[in-house]
Amino acid sequence: MRLCNSLVKARLILFVDGRALAMLTLPFMFGGVLAGLAVLWLV
């Protein structure tokens, strides 16, 4: 669910605000996805 939510938000940022803002927010989105995967791996 979290991954799908992050992907939808990333697409919205890309289409509404353009590539420049998408590139600024990409590390934060990627970090959130990695943190979620780490929690799944540990459980």
Expected unfolding gain across Ala10-Thr25 under the 0.36 nm per residue rule, minus the alpha-carbon gap, is 4.6 nm
Run through the chain and list the trypsin sites (Lys or Arg not before Pro) located in a DSSP loop whose Cβ has at most 12 other Cβ atoms within 10 Å. none
Taking the Cα atoms only, what angle lies between the long axis of helix 2-17 and the longest principal axis of the chain, rounded to 10 degrees? 10 degrees
Which values, in whole Å and largest first, are the semi-axes of the equivalent ellipsoid of the chain obtained as the square root of 5 times each eigenvalue of the Cα gyration tensor? 23, 11, 4
Crossing angle, helix 19-42 versus the chain [Cα axis fit, 0-90 degrees, rounded to tens]: 10 degrees
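No value in this document is a laboratory result; all are computed from the given coordinates. None of the values given here were measured: they were computed from a predicted structure. For neighbour counting, all protein chains shown are included, and Cβ atoms are generated from backbone atoms with ideal geometry for every residue, glycine included.
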